[in-house]
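The values are calculated or read from the model by the stated rules, or taken from the named source; none is laboratory data. All values reported here derive from a predicted model rather than from experimental measurement. Note: ideal-geometry Cβ built from the backbone for every residue, glycine included; neighbour counts use all protein chains shown.
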Amino acid sequence: FPGDLISTLPDLQLAERYLQRFGYITEAEAKIGGRHMSLGKALLKMQKQLGLEETGELDAATLEAMRAPRCGVPDVGT
Amino acid sequence: FLTFERDLKWDHMDLTYRVINYSPDLDRAVIDDAFRRAFQVWSDVTPLTFTQIYSGEADIMIMFGSQEHGDGYPFDGKDGLLAHAFPPGQGIQGDAHFDDDEFWTLGTGLVVKTRHGNANGAECHFPFIFEGRSYSRCTTEGRKDGLPWCATTSNYDRDKKYGFCPSELLYTNGGNSDGAPCVFPFVFDGASYDTCTTDGRSDGYRWCATTSSFDQDKKYGFCPNRDTAVIGGNSQGDPCVFPFTFLGQSYSACTSQGRQDGKLWCATTSNYDTDKKWGFCPDRGYSIFLVAAHEFGHSLGLDHSSVREALMYPMYSYIQDFHLHPDDVQGIQYLYGRGSGPKPTAPAPAPTEEPQPLPTEEPQPMPTEESLPVPTEEPQPLPTEAGSTSTTEEEEEETPEPTVGPIPVDPSRDACMEKNFDAITEINGELYFFKDGSAVLGVFWEECAGPPGIEKLGIGKEAGRLSGALQRGRGKVLLFSGENYWRLDVKVQRVDKGYPRATDDIFTGVPLDARNVFLYQGEWNLAGKYHFCRGSFYWRMTPRYQVDRVGYVKYDILQC
């Protein structure tokens with residue numbers, strides 16, 4: 001059932017996909033930057049944008065936000 | 001708030017939108033209504049206006065699609081991404097797309113029932129008698145437009161009381177447009193199926209056989225894309241029964257009462273307390289109104305906001321009493337400025353009595369494209385949630401009358417004419433004036449012989465003051481007075497047989513005591529709109545007899 005697929009992805013993969021899809025990591029960054037470095041920065045950006053606690057970590061509240069139903073328009077960029 | 005790069009915005013205020021297709025989850029009228037209100041969220045605080053068109057290219061094209069639906073930004077099945085929209089501009093820009101793998105409701109998951117009956121809440125009564133036959137379900141018998149209807153009493157022949165059925169009802173448990181419902185179980189390719197299936201189809205549509213053996217009869221219909229009946233039920237296929245009694249209380253909709261997990265459930269008999277029979281209801285779904293209002297914000301140039309309570313915040317959350325957050329208002333007014341319009345706009349008046357009986361035999365022949373069909377859409381706005389506004393009677397009284405009628409005439413130009421008229425219409429270049437039950441017909445600046453009585457037209461004196469004359473079709477004029485209207489054949493200068501008719505019959509949703517009725521911004525054969533004025537307000541009706549706007553005469557029409 002496609003909806004469930006997303007939720008059963010490993011958290012890290014879910015986070016990467018989410019951050020790329022909604023513009024917090026550009027594709028170039030994803031390619032050239034180290035995985036953890038770009039994630040931390042991107043997570044901070046996402047947490048700031050969505051009014052979450054800015055921890056820079058993939059904490060429970062951030063994961064919950066990533067699984068919440070939402071609009072498909074990216075949050076950052078065109 | 002955020003706007004898109006370079007503050008992308010529309011270069012005109014009068015925007016158009018078109019709904020290309022519909023989700024089967026909601027009645028078409030409900031979706032249209034939700035979209036109309038979602039646009040009104042923005043037009044209430046800006047000079048923007050939104051008009052629905054039904055063909056051609058609109059500024060904002062709206063569609064439902066699933067997975068890859070043609071724009072290179074695929075949806076992702078149920079939940080997750082709900083919808084997306086593009087910033088203002090040509091082509092796909094400005095368009096809004098909704099993921100049809102979601103379950104669209106008004107956020108409460110209970111809407112489907114509203115159309116099962118009439119706008120006064122009278123439900124269908126089964127079985128009912130129509131033309132001597134008994135019907136135990138909705139039927140399209142007796143209607144030329146093929147819309148399914150039901151009687152709201154046991155005997156339509158006697159009571160003439162009726163309501164509409166959601167066209168989906170024919171599909172709720174599946175079926176085809178001839179009204180043949182799904183038959184379960186049915187045999188297909190030798191296997192037995194007791195629910196709808198996509199087997200054997202490459203397009204993923206869910207279907208069923210309408211006889212017990214598809215292999216033998218090849219008869220089939222389509223199903224909604226939900227396994228249980230839209231209004232809920234259990235896995236044996238027993239649908240919810242409304243109203244039902246639970247702990248002594250009556251429920252006319254699904255409820256989560258009595259459950260820890262908040263899941264919506266219903267009884268499958270009328271009394272759960274005695275029978276303990278029940279089933280689940282579809283989840284609350286996502287409010288098409290709220291999601292649309294958000295996406296239309298994108299279509300107008302707003303980007304996502306970081307204010308959690310703002311409509312333009314990217315995450316969905318159901319809000320019972322919706323209203324725009326100041327952040328949203330600042331954002332949209334930054335792009336388009338304030339509106340000059342009134343706040344709130346007046347709603348259309350609620351119906352006071354049952355819709356009129358169905359005309360079962362054909363009225364007088366008229367050119368077919370001009371024929372006056374039985375109203376095809378639910379005449380009144382549906383019970384809505386957040387976003388509806390109302391004006392109290394007192395408020396209406398306070399606003400002084402506008403000056404559009406009676407219509408002053410320039411004395412210098414026509415010395416022998418009366419100074420004020422009730423209604424004026426132009427037909428084929430000739431002006432016709434009506435006043436106090438008399439009519440001056442013909443080219444007015446040559447004939448001053450004095451007005452013939454309106455009886456000569458076949459309109460009884462009791463008609464009193466005419467409130468408007470509308471040209472309708474070649475050489476035909478509709479004359480309105482009070483709750484009735486006549487159709488005048490100008491050539492023979494007499495009203496057609498079968499008139500007067502009740503205005504509410506066709507022009508449903510407009511005030512029956514309009515002071516002035518006129519066709520504005522159009523000719524009889526172009527898509528002009530009818531305007532019914534009463535007090536400070538006007539009700540605008542499309543050629544398809546749908547009230548598409550209620551507003552102030554002074555601000556909207558006279559542009560004061």
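Before moving on, here are some points about what is shown:
- Any chance B:Phe86 is buried (at least 18 other Cβ atoms within 10 Å of the Cβ) and touching a Ser or Thr at 6+ places or on another chain (Cβ under 6 Å): no
- Residue within the stretch B:314-333 that is within 11 Å of another protein chain (Cβ to nearest Cβ) and buried (at least 19 other Cβ atoms within 10 Å of the Cβ) present: yes
For (1) out of contact with any Leu (no Cβ under 9 Å at 6 or more places or on another chain); (2) at pLDDT 85 or above; (3) surrounded by 14 or more Cβ atoms within 10 Å (Cβ to Cβ), each residue gets a yes or a no:
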residue	(1), (2), (3)
A:Ser7	no, no, no
A:Glu16	no, yes, yes
A:Ala28	yes, no, no
A:Arg35	no, no, no
A:Ser38	no, no, yes
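Okay, residues lined up against (1) at pLDDT below 90; (2) assigned to a loop (DSSP other than H, G, I, E, B):
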{"position": "B:Thr16", "(1), (2)": "no, no"}
{"position": "B:Ser23", "(1), (2)": "yes, yes"}
{"position": "B:Gln40", "(1), (2)": "no, no"}
{"position": "B:Met63", "(1), (2)": "no, no"}
{"position": "B:Gln67", "(1), (2)": "yes, yes"}
{"position": "B:Phe75", "(1), (2)": "no, yes"}
{"position": "B:Phe98", "(1), (2)": "no, no"}
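- Residue ID - farthest from the other protein chains (Cβ to nearest Cβ), chosen from residues in the stretch A:59-78 that are small (Gly, Ala, Ser) and under 12 Å from B:Met315 (Cα atoms): A:Ala65
- A count restricted to the stretch B:119-157 and to residues that are in a loop (DSSP other than H, G, I, E, B) and modelled with pLDDT of 80 or more stands at 9.
- Selection from the stretch A:41-58 of residues that are more than 10 Å from chain B (Cβ to nearest Cβ) and out of contact with any Leu (no Cβ under 9 Å at 6 or more places or on another chain): A:Lys41, A:Leu44, A:Gln47, A:Glu53
- Condition check for B:Thr105: within 14 Å of chain A (Cβ to nearest Cβ) and modelled with pLDDT under 85: yes
- The C-beta contact set for the stretch B:67-85 (first residue facing chain A (nearest Cβ under 8 Å) and under 18 Å from A:Gln20 (Cα atoms), second residue of a type in the set (Gly, Ala, Ser) and in a loop (DSSP other than H, G, I, E, B), distance under 6 angstrom, 6+ apart or interchain) comprises B:Phe75/B:Ser66; B:Leu81/A:Gly72; B:His84/A:Gly72.
- Residue, surrounded by the fewest Cβ atoms within 10 Å (Cβ to Cβ), within the stretch B:290-309, restricted to residues that are at the interface with another protein chain (Cβ under 7 Å from one of its Cβ atoms) and more than 10 Å from B:Ala85 (Cβ to Cβ): B:Arg308
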